[in-house]
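The structure appears below as structure tokens.
No value in this document is a laboratory result; all are computed from the given coordinates. Only a predicted model underlies this, so the values are computations on that prediction, with no experimental measurement involved. Here the Cβ positions follow ideal geometry from the backbone for every residue, glycine too, while neighbour counts run over all protein chains shown.
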Amino acid sequence: MNLEAIKSEIEANVPGCRLELIANPSPSGQHSLRTGAEHAVAVAVYLRDAEDLRFDFCSNVTGIDWPSREVSEKVKVRKLVDGVEQEVEEIRKTTLAGSLEVVYHLFSVEKKHGPIVLRMRTEDRDSGVHLPSLTPVWRSAELQEREVFDLFGVVFDGHPDLRRLLMWPSFTDHPMRRDYVGPDDYEYEPTAHDEVLQRAQQHRSEADETQLGEAEGR
Amino acid sequence: MDEKLKNELSKQGIFTTTLQELYNWGRTNSIWPLNFGLACCAIEMIATTMARYDMARFGAEVFRPSPRQADLMIVAGTVTKKMAPLVVRLYNQMPEPKYVISMGACAISGGPFKQGYNVLKGIDRYIPVDVYIPGCPPRPEALLDAFMELQKKIDEQPLTGEKRPRHLNAGEPSEYAVPRYGAHDLEPTKNPNLWKAPLVQISQAGTDESGSH
Amino acid sequence: MSTATLPTAHFDLEPMTGPSKEQLLELSMGPQHPSTHGVFRMKVVLDGERVVRLKPVFGYLHRNHEKIAESETYLGSMPYTDRLDYMCSITNNWAYALAVEKLAGIQVPERAEYLRVITGELTRLQNHACLIGFLMQDMGSSGTPLMYAFREREKILDLFEALTGARMMCNYMRFGGCRVDLPDGWLDQAKKVVADFPRFLDEYEQLLVSNEILMERTQDVGVLSRELAVSAGISGPMARASGVDYDIRKVDHYSIYDRFTFRVPLGSHGDVYDRFMVRLLEMRESVSILEQAMRAVPAGPIVDPKMKIRGFRPKPGEAYGRIEAPKGELGFYLVSDGSPNPYRYRVRPPSLINLTVLEDLCLGRNVADIVAILGSIDIVLGEVDR
């Protein structure tokens, strides 16, 4: 199953789509195809229905959080130094915008081949988090896309019932994001060390103060 | 009453006892647990009720499906924050006298999942617990041992005086506040009347001083 | 009677053809209910006894396994995988070890593969036996089938305790093999247990298979069509009972399953009875695999000698590894960025995905059927919520 061949086949048959082949450097050899949001449903339908592919089993839908990160690179620039034009090395920092990625693992029950990995990225991590839902194509994406919505915050357009799956409805955060800070309820940690020790000591001093306050109030 | 006199009389067919012993004997030997398992410890609880480590011979004859008919709630497994209000509500629905066994590391203090944002760090933050069983999961024999501890504890409860149990003490509450779901966490995070952070001497990392209190 | 959409209230002038909103009862088959599948809640809307709508509520056992794994090393997550599907800890470990081996390109020696197959199939035996026991208990035969199943399970758990030190949370697999080798006499004891197992299966079949109450309550109940099963990502015995011929042991050729001859039982109706029968037959196939495997265990190392666990940092990349767990397709998706902790750690839970079709199976049936259907799907909440 040659991913290059599949990519060209899809691009030939689904008008307007542009797929990107993402190589996977690990020994697993599971390379992926990245698709844009506008043609994702058409690509998915083609993958499911094409005679030679027949990827009718969507096994796994998951999200990955790629927060924005700074990349610094050394650039040679011509600059005036003491009146003489010279080539100087400068460090240029660029910020790669963060995004949320949704990954689909597809198998074929009919042809018994797979996996094909399909990926989609959102525009950013704040307001541009809409992606088309592939639930109309594969029913197994229904609960898993709800989970990605719950834990990462990706909004799937076209999902029949997009609600939180695992956390309670009035919860406001998206816990699997890398910048999520959980609630601090480590009031007691018997073998505390490092940052947990600091927090435990802070909690203890707060508890001391409240106990002292109660004692004085009596 | 003198033990020897008691034995002599009982050989003659006259049994003497105190009201406290009789009352506690009835309660200890027929504690009916609530059919309530949360996670992996629930499977060990089920194994304890099966033929090999039979718990019915200790008096836990039937596991009641409804909290209104149960005496004992064995909190077996991780209590998550989503589940915590329901556990407290179930506890409130149980009629007095009621007991709680906190089975497994997760129910005691969060266990291996202590770092989790959705994990309640111990059910004793909201309801009073009588016996704690460490283990992950504790063996069925450990659960039987805890059950016997509970039976011993009930046996020793006097009917009058300072140490009388909660249901004979009109001043003690028998229902506890149910936490609500907040935007980031449960509100309140703990019941301050029931649980205060223990003031344990926390050792510095890298030194030899162990915690002592 | 159409049960697809929730009808709105009728006016008095129109004849009553279906239930009005006031006649419907919303019931919460709540997180605490006597059926021992764990803290699972279903919001059921009933018209009398018939189910009009069913919405499951998850998350009551969401223990943040994936988030914790991001702050643990790869090996540190192994004990947590025990607690996913807590009835079958060894197959969970196996799936995770397989995924990491795919990620880092680690080879597994022969003896370790045999040990994996033996312990994995023993796990499948006790899981299917207990599942049938729980299904019977939920349907009302309180105790007896479950007691028999737990009797066999205790024998297998004794084997696990002798081998790994723990009854349930075995933590047995390592990347590149197994943690500990067989103690003396273990294989003979295991052979004895496996030799006794067909007698238990005969007893079970005699009691249950032609039982009129079981047949009345389970045949044509919760029928899952083949197309819906494939589209909804159903895997494992539930899919095979609907006729989907997909067993990952035969498809992916992972481990050494190619060396053993075993059949894959398929159902044709896709109802609760078929799921129950498929599991019974799979137990017989597992016994056959065990007999073949235990005859041929070679000597050798149990862990890849080149594998170094200290400072284990797989190269950046990703891998998806899956096995045929007793509940279905259990997969682990790992994304590595070269550090000792995984960047993204995802469990593909068969129990959660098998629940996608719960509403479809239960619509139009009675409340009592919901219990039977849920019992036949074989869920464990540790896996559903992680």
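Annotations for the structure displayed:
- Cα-based helix-to-principal-axis angle, B:140-155 vs chain B, degrees rounded to 10: 60
- Cross-link pairs B:Lys153/B:Lys190; A:Lys112/C:Lys315; B:Lys121/B:Lys190; B:Lys98/B:Lys152 - those with Cα-Cα distance over 18 Å: B:Lys153/B:Lys190; A:Lys112/C:Lys315
- Taking every alpha-carbon pair within region B:25-81, the share separated by more than 12 Å comes to 66 percent.
- Candidates C:Leu122, C:Pro340, C:Gly48 compared by Cα position along the dipole of chain C: farthest toward the positive end lies C:Pro340, with charges placed on Cβ.
- Dividing the alpha-carbon radius of gyration of region C:301-343 by the rule-of-thumb value 2.2 N^0.38 Å gives 1.44.
- GNM flexibility winner over chain A from A:Lys112, A:Lys79, A:Lys93 (Cα, springs under 10 Å): A:Lys79
- Cα centroid separation, region B:1-50 to region C:167-216: 37 Å.
- Order of C:Asp85, A:Asp52 - criterion: other Cβ atoms within 10 Å of each residue's Cβ, fewest first: A:Asp52, C:Asp85
- Both numbers refer to the Cα atoms of chain B; Rg and Dmax are 19.7, 70 Å.
- Cβ-based charge dipole, the protein assembly as shown, positive-most Cα from C:Gly59, C:Val367, C:Ser142: C:Ser142
- For trypsin sites (Lys or Arg not before Pro), the sites in region B:147-191 that DSSP calls loop and that have at most 14 other Cβ atoms within 10 Å are B:Lys163.
- Selected from A:Ala97, A:Pro67, A:Val109, residue furthest toward positive end of dipole (region A:57-113; charges at beta carbon): A:Val109
- Over region C:84-125 - Rg/Rh using Cα atoms and the Kirkwood inverse-distance radius: 1.00
- Candidate lysines for bridging to A:Lys93, where Cα separation is under 16 Å - those fewer than 8 sequence places away on the same chain excluded: A:Lys74, A:Lys76
- Given B:Lys82/B:Lys114; C:Lys67/C:Lys306; C:Lys250/C:Lys327; C:Lys102/C:Lys327; C:Lys155/C:Lys327; A:Lys111/C:Lys250, the pairs whose alpha carbons are separated by over 18 Å: C:Lys67/C:Lys306; C:Lys102/C:Lys327; C:Lys155/C:Lys327
- Largest-first principal axis extents of the Cα set of chain A (Å): 81, 66, 34
- Estimated translational D of chain C in µm²/s (Stokes, Kirkwood radius over Cα pairs; 25 °C; 0.890 mPa s): 112
- Residues C:Ile323, C:Ile302, C:Ile234 arranged by fewest to most Cβ contacts within 10 Å: C:Ile302, C:Ile323, C:Ile234
- Region C:328-386 and region B:89-150 have their alpha-carbon centroids 26 Å apart.
- Estimated dipole of region C:64-170 in Debye, rounded to 20 [Cβ of Lys and Arg +1, of Asp and Glu -1, Cα centre]: 140
- Helix C:367-377 axis versus longest C-alpha principal axis of chain C: approximately 20°, rounded to the nearest ten.
- Restriction of the chymotrypsin sites (Phe, Trp or Tyr not before Pro) in region C:199-304 to DSSP coil positions whose beta-carbon has at most 14 other beta-carbons within 10 angstrom yields no sites.
- Helix C:144-164 and the longest principal axis of the C-alpha atoms of chain C enclose an angle of approximately 20°.
- Value of [θ]222 nm, deg cm²/dmol, for chain C, DSSP H segments ≥ 4, -39500 (n - 2.57) each, nearest 500: -14000 deg cm²/dmol
- Over 37 Å [Cα-Cα, the protein assembly as shown], rounded percent: 48
- 3J(HN,Hα) along region C:166-179, derived from phi through the Karplus expression 6.51 cos²θ - 1.76 cosθ + 1.60 where θ = phi - 60°, amounts to 9, 6, 9, 8, 6, 6, 9, 8, 10, 6, x, x, 10, 7 Hz, with x in place of Gly and Pro.
- DSSP-loop trypsin sites (Lys or Arg not before Pro) across region C:254-306, with at most 10 other Cβ within 10 angstrom: C:Lys306
- For region A:1-99, dividing the convex hull volume of the Cα atoms by the residue count gives 180 Å³ per residue.
- Region B:69-144 - share of DSSP beta bridges that are antiparallel (%, nearest 5): 10
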